[in-house]
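A.B. asks: Got a structure here, written out as structure tokens. Questions coming.
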Amino acid sequence: MDLEKVLIYDIEIFKHDFLFVFKDINKRDVATFHNEVATENFNPFVCDDIGLKISKNNGKYYIKIEDIVSNFVLVGYNNYYYDDKVLQELLTIKNRNIEYIKERLKFVNDSIINNRFTTKFRHEFISLDVFQQIDGSKPSLKMIEANKGVSIEETSVPFDIDRPLTNEEIRSTIYYCNYDVNQTIDIYKDRIHTYFMPKINLVNRVIKDKRDFSRYLRFNTTTLVGNLFKQRHYGHRNLVGTEVYDVVPDVVKKAWFNFFDNLYINTRNNEATITGEHKNISVKELDCNIDFGYGGLHGVPIYNTENVIKVKNVILLDVASLYPTIIGNLQLLGIYTKYYIKMKFDRLKVKHTDKPLSDSLKLILNSTYGVLNNKYSQINNPVAAYSVCFYGQSLLYDLSQELYKVGCKIININTDGVAFTTDNDDYKKVWNRIEKKYNITLEEDRFKLWIQKDVNNYIAVTEKDKIKVKGGTFSKYHKTSVHNYKNYSKAIIDKVIVEHLVYNVSPLNILVRYRNNTELFQMILKCGRTYVGIADENKNILTNRVNRVFACKENNPNRTKLYKAKLKEDGDLSLSNFPDTPDNMMIFNDDINKLDTTQIDLSFYLELINSKLSDLGEIKEVV
């Protein structure tokens, strides 16, 4: 499957108009269909270049939508939910009367939007959905565009308009539709190697018959992994690996051995629920507050409570592929365990020589633990999942305890790694001993400075002066492509706080230094479907459901304030504030590079930064 030979498309449906826009991966226009299933509105040079059939009838040249669908992989944004269903309906309509087609497509559009569409998708064409598994927040395309700092202006043509569109409205709709397709192309290119290639490799491992390819391609990776390891009589009725529980505190060991008293499994869907007083156990050990739970082992020094600690010369020992290693060591995948272990070693062999294969194997290895405790998975097995969890906590606690015994000062214990300080090399003996005892591999990282808010939020400066951040408190310090899929608002807060803590520079000086980096100051406001939209202080509903704003001075001519708006029973609007936003806002939904940065009110951001720093508490330097 050639991931470059695709057509990216988008659909807009109105009561009296429908529009299909297709472009190639290089953003070249291929064809635009407006109220037609065969069009003369196509680019002959591009069509010839990509091998799309051009027909001739009565001296006129045209291309058919059926030829596009049958010869190309289609790509869209959330098209599995919407566009593919509309397109499938169009392909099945035998009546070529355009008025009938418009009426039918509008009916399908409304059914999908109102969750009344029940027609089963028949996999008549191959498509990829850029939206699939993009992020847990399930961002809209406009949200991603906002995060990227590009224009998020939306068409002013309402989709419930009850008349045919004017020529100007058609041109406007085509423009915005093309713009969204271009943005979808950028996201698709970003995810080709990180998601689609590994997923396709996974599909090819799962299917037994090539005719199933298009159907399985639509599954998410969780479902695919479940299908890969599906087997009869699969499951564990008893915890596995209990022989290592002797290393943990007695109260923890007792709780784990009484695990089934706290476990409720719904026999109808095999969903596991943990109940009882032993769900989470906290102990004071190793000069740390340590939490044993059902999500991993966590611990920080007792003096790290409600303040930030700064520590020099920290060593981090991480267990390489902790959960996949435990799954293999405990033989938790039945007849597929040897196959799973082989994947792990195969990945090590090709890690630096065959990235697509390596990423595919990594996807399988890392997804398996999650699907073991997923009630929708073909290999749902809560007892096996908790066997992995308890074994991993035992292993990590044992490592922490042995490090402590040779004089190490424990700084952080978190799921698969332990950070500590030491003044000798005795930790290396512990390292070697733990590796042999548990058949694992430990990897070492060193940091000249470690600044920790809590177990899940810290800043680590490498010996080469590179800053690494962990956790939501500091997550926007570095922008990566992943941030395009989350809410990339007020990143200046993380930027200033991190650099202030690391370099001890005043927040104001850092703020001024970055003032021309407009993207750092943007605030992206959106409201969910429970709201009628975003309104200004005069209760005017804005066209955009996603808006980009900046703090501005009160006398700014473009000053406003935005709210989330709900409809009350009396027909009036109820307005509620967006958190951590200014009273004086300036809407700027165009490309942020066009913004005059002198309009940004730095004082709002400085006040917010100082408030966040105050919330962090006292900063303690640990010797």
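The values are calculated or read from the model by the stated rules, or taken from the named source; none is laboratory data. Bear in mind the structure is a predicted one, so any value in this text is a computation, not a measurement. Backbone-built Cβ (ideal geometry, glycine too); neighbour counts: all protein chains shown. Just the protein is used for accessible areas: all its heavy atoms, side chains included, with ligands, DNA and RNA removed. Shrake-Rupley method; radii C 1.70, N 1.55, O 1.52, S 1.80 Å.
A.B. asks: Please report, to two decimal places, log10 I(q)/I(0) for the stretch 103-177 at q = 0.16, 0.19 Å⁻¹ as given by the Debye formula with identical point scatterers on the Cα atoms and no solvent.
C.D. replies: At q = 0.16, 0.19 Å⁻¹ the computed log10 ratios are -0.97, -1.22.
A.B. asks: Here is a follow-up. What is the percent carbon and sulfur in the accessible area of the chain, measuring with a 1.4 Å probe over the protein chains and ignoring ligands?
C.D. replies: Values: 14030 of 30050 Å².
The computed percentage sits at 47.
A.B. asks: Rounded, prolate or oblate: pick one for the stretch 512-623, where a ≥ b ≥ c are the square roots of the eigenvalues of its C-alpha gyration tensor, a/c under 1.5 means rounded, and failing that, prolate if a/b is larger than b/c, else oblate.
C.D. replies: Note, shape of the stretch 512-623 comes out oblate.
A.B. asks: I've got another one for you. Positive end of the charge dipole of the chain (Lys, Arg +1 and Asp, Glu -1 on Cβ, about the Cα centre): tell me which of THR368, ASN109, ASN26 has its Cα farthest that way.
C.D. replies: About the Cα centre, the residue reaching furthest to the positive side is THR368.
A.B. asks: If you line up the long axis of helix 491-503 against the longest principal axis of the chain, both from Cα atoms, how many degrees apart are they, to the nearest 10?
C.D. replies: Helix 491-503 sits roughly 30 degrees off the main axis of the chain.
A.B. asks: If one takes the longest principal axis of the Cα atoms in the chain, at what angle in degrees, from 0 to 90 and to the nearest 10, does the Cα axis of helix 197-206 lie?
C.D. replies: It works out to around 80 degrees.
A.B. asks: Could you tell me which of the pairs LYS142/LYS355; LYS15/LYS85; LYS148/LYS479 are separated by over 20 angstrom between their Cα atoms in the structure shown?
C.D. replies: On the way: LYS142/LYS355 31 Å; LYS15/LYS85 17 Å; LYS148/LYS479 10 Å.
Checking Cα-Cα distances, LYS142/LYS355 exceed 20 Å.
A.B. asks: Treat every Asp and Glu Cβ in the stretch 1-77 as -1 and every Lys and Arg Cβ as +1, leave all other atoms uncharged, and give the resulting dipole magnitude about the Cα centre to the nearest 20 debye. Spell out each step's value before the answer.
C.D. replies: On the way: 9 positive and 13 negative charges, 30 e Å.
Roughly 140 debye, rounded to the nearest 20.
A.B. asks: Contour minus end-to-end for THR353 and THR462, with contour as 0.36 nm per residue of separation and end-to-end as the Cα-Cα distance?
C.D. replies: Net length gain for the segment: 36.6 nm.
A.B. asks: With axes computed from alpha carbons, what is the tilt in degrees of helix 167-191 against the longest principal axis of the chain, rounded to the nearest 10 within 0 to 90?
C.D. replies: The angle comes out near 30 degrees.
A.B. asks: Where a Cα-Cα gap under 20 Å defines reach, which aspartates and glutamates qualify for LYS94, not counting those fewer than 8 residues away within the same chain?
C.D. replies: Straight-line reach from LYS94, under 20 Å: ASP17, GLU36, GLU66, ASP67, ASP83, ASP84, GLU103, GLU124.
A.B. asks: Select from GLY617, LEU224, ILE410 the residue farthest towards the positive end of the dipole of the chain; place +1 on Cβ of Lys and Arg, -1 on Cβ of Asp and Glu, and compute about the Cα centre.
C.D. replies: It is LEU224, whose Cα lies furthest towards the positive end.
A.B. asks: Using the heavy atoms of the protein chains alone and a 1.4 angstrom probe, what is the accessible area of the chain per residue in square angstrom? Before the final figure, lay out the partial values.
C.D. replies: Details: 30050 Å² over 623 residues.
Per-residue accessible area for the chain comes out at 48 Å².
A.B. asks: Per DSSP H run of at least 4 residues, take -39500 (n - 2.57); add these up for the chain, divide by its residues and hand me the 222 nm value, nearest 500 deg cm²/dmol.
C.D. replies: For the chain, the value works out to -11000 deg cm²/dmol.
A.B. asks: Over 21 Å between Cα atoms, which of LYS344/LYS405; LYS120/LYS526; LYS27/LYS53; LYS23/LYS189; LYS362/LYS476 qualify?
C.D. replies: From LYS344/LYS405; LYS120/LYS526; LYS27/LYS53; LYS23/LYS189; LYS362/LYS476, over 21 Å: LYS344/LYS405; LYS120/LYS526; LYS362/LYS476.
A.B. asks: Quick one: of the DSSP bridges fully inside the chain, what percent are antiparallel, nearest 5?
C.D. replies: 90
A.B. asks: Still on this structure: Starting from the Cα-Cα distance between HIS233 and ASN504, subtract it from 0.36 nm times their residue separation and give me the gain in nm to one decimal.
C.D. replies: 91.5 nm
A.B. asks: Suppose the chain between THR337 and PHE260 were pulled fully straight at 0.36 nm per residue; how much longer would it get relative to their current alpha carbon spacing?
C.D. replies: 25.2 nm
A.B. asks: Going by Cα centres, the stretch 328-391 and the stretch 479-510 are how many Å apart?
C.D. replies: Cα centroid to Cα centroid, the span is 35 Å.
A.B. asks: What distance in nm separates the two pseudo spin-label positions at ASP67 and ASP110, each 7 Å out from Cα along the beta-carbon direction?
C.D. replies: Spacing of the two 7 Å Cα→Cβ label points: 3.5 nm.
A.B. asks: For the stretch 98-171 and the stretch 291-327, what is the separation of their Cα centres, given in Å?
C.D. replies: Between the Cα centres of the stretch 98-171 and the stretch 291-327 lies a distance of 44 Å.
A.B. asks: I want to verify the translational diffusion coefficient of the chain in µm²/s; compute it with Stokes-Einstein, Rh as the Kirkwood radius over Cα pairs, at 10 °C and 1.306 mPa s.
C.D. replies: Numbers: Rh = 28.1 Å.
Roughly 56 µm²/s, to the nearest whole number.
A.B. asks: Further question on the same structure: To the nearest 20 debye, what charge dipole does the chain have about its Cα centre, counting +1 at the Cβ of each Lys and Arg and -1 at the Cβ of each Asp and Glu?
C.D. replies: 1700
A.B. asks: About the Cα centre of the stretch 537-580, what is the dipole size in debye to 20, counting +1 per Lys and Arg Cβ and -1 per Asp and Glu Cβ, all else neutral?
C.D. replies: Using Cβ point charges on Lys, Arg, Asp and Glu, the stretch 537-580 gives about 220 debye.
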